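Participant: This structure is in structure tokens; I'll ask about it shortly.
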Amino acid sequence: MSIRTIAALLTVAISLGSSPAAAQAEFPSKPLRLLVGFPPGGSTDVLARALSLEGRKLLAQEVVVVNRPGASGVIAITEVAAAPADGYTLGLTPSTALTLAHHFMNIRPDLLESTTALMLVARQRIGMVTQGSGPQRTLKELLEHARKNPGKVSVGIPGLGTKVEIITRAIASYEKVDLNVVPFQGDAGVMSNLLGGHVTAGSLSAGGWANQVRAGTMRLLASFEDERFEVASDVPTLREMGYPLTGAAIQHLYGPKAMPAALVKRLVTAFSEVTRSPAYIEVATQNALYEKTPLAGEALEEVLRKDRAANTALVDKLGLKKKP
């Protein structure tokens, strides 16, 4: 066999070894980026960092958390949607950024169809809190105070176009009171302004307030969920108070559209193991975000589509203005 023939065969072997299938088999060969659409310190960021710490052990590569705050998480989602579908750029987001925000911002309404839903990692449990030393001890007392002081009672929320905003405005609408709803960038922004006395109350994920409620520095006024919170089991849900409202949402891992099936399986398998690790469960439980029921792939995408339809119905029912 001539040297020229051997060289040609080596070239073919190298090209086969560098094929997409081979590249997927070697995945990951470099660090992954995990985009978060909110500033550090909020519930999504806390979860992302727990996923990162445990994920690097299973994937044998760094999982770098990148904060891209803005537009209630949409900036990060848009960046992930535009990334190559090679598994190296992923995102973690509350579901409402994909199923609700397009009603209130001049953004593409099809971001849900432009991404790949990988797996549920947490349940975004929401409630309204106030300072533990504040005079209002119940939601009824807060609303009565707002009725007597129109426009002077402020409620912080972690962004516009979120389920938190819709539920908070719906409560005010049902009670016919004037609440000043103030958006911040993420849970951390709400909490810092609430602790600083710049807003009267805050509607946000339990990841932002659970530890403060345990410590007594915050008081829970209402659960926006279908069930009460263990951290304050004496506080009723909105439905128990007579409001036909629920703020249920999820936190899920996602990537660009058209990711290869083998790559999706690799990521879901790895991060599913992460969510079963004691370290991750401890972080999620402390922040009232833990969800042990697995959900991935088509089942997850179906949940997101149903959530989008339910959110559209709620927006229509409340008569909230949509963007053209």
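Participant: Could we say that Val153 is over 29 Å from Ala81 (Cα atoms) and in contact with a Leu (Cβ under 9 Å, 6 or more places away or on another chain) here?
Facilitator: yes
Participant: Applying the selection to segment 35-55, what residues are among the charged types (D, E, K, R) and at pLDDT 95 or above?
Facilitator: Across segment 35-55, the qualifying residue is only Arg49.
Results for (1) at positive phi; (2) part of a loop (DSSP other than H, G, I, E, B); (3) touching a strand residue (DSSP E or B) at 6+ places or on another chain (Cβ under 8 Å), shown as yes or no for each residue.
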{"residue": "Leu220", "(1), (2), (3)": "no, no, yes"}
{"residue": "Val235", "(1), (2), (3)": "no, yes, yes"}
{"residue": "Met241", "(1), (2), (3)": "no, yes, yes"}
{"residue": "Leu263", "(1), (2), (3)": "no, no, no"}
{"residue": "Glu273", "(1), (2), (3)": "no, no, no"}
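Participant: From the set of residues in segment 275-288 that are in a helix (DSSP H, G or I) and not hydroxyl-bearing (Ser, Thr, Tyr), which is least open to solvent (accessible area, probe 1.4 Å)?
Facilitator: Ala284
Participant: Could you identify the single residue in Ala288, Ala279, Ala313 that is in contact with a Gly (Cβ under 9 Å, 6 or more places away or on another chain), over 18 Å from Glu113 (Cβ atoms) and small (Gly, Ala, Ser)?
Facilitator: Only one candidate passes the filter, namely Ala288.
Participant: So which of Ala222, Ala210, Ala288 ends up being touching a Lys or Arg at 6+ places or on another chain (Cβ under 6 Å) and touching a residue at least 60 places away in the same chain (Cβ under 8 Å)?
Facilitator: The conditions single out Ala288.
Participant: Is it the case that segment 191-198 has a residue that's in contact (Cβ under 8 Å) with a residue 60 or more places away in the chain and not in a helix (DSSP H, G or I)?
Facilitator: yes
Each row is one residue, and each column tells you yes or no for (1) within 23 Å of Leu98 (Cβ to Cβ); (2) surrounded by 13 or more Cβ atoms within 10 Å (Cβ to Cβ); (3) modelled with pLDDT under 90.
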position: Gln212; (1), (2), (3): no, yes, no
position: Thr237; (1), (2), (3): no, yes, no
position: Tyr290; (1), (2), (3): yes, yes, yes
position: Arg305; (1), (2), (3): yes, yes, no
position: Lys322; (1), (2), (3): yes, no, yes
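The values are calculated or read from the model by the stated rules, or taken from the named source; none is laboratory data. All of these numbers come straight from a predicted model, not from anything done at the bench. Glycine also receives a Cβ, built like all others from the backbone with ideal geometry; neighbour counts cover every protein chain displayed. Heads up: the accessible areas ignore ligands, DNA and RNA and are worked out on the full protein's heavy atoms, side chains in. Shrake-Rupley method; radii C 1.70, N 1.55, O 1.52, S 1.80 Å.
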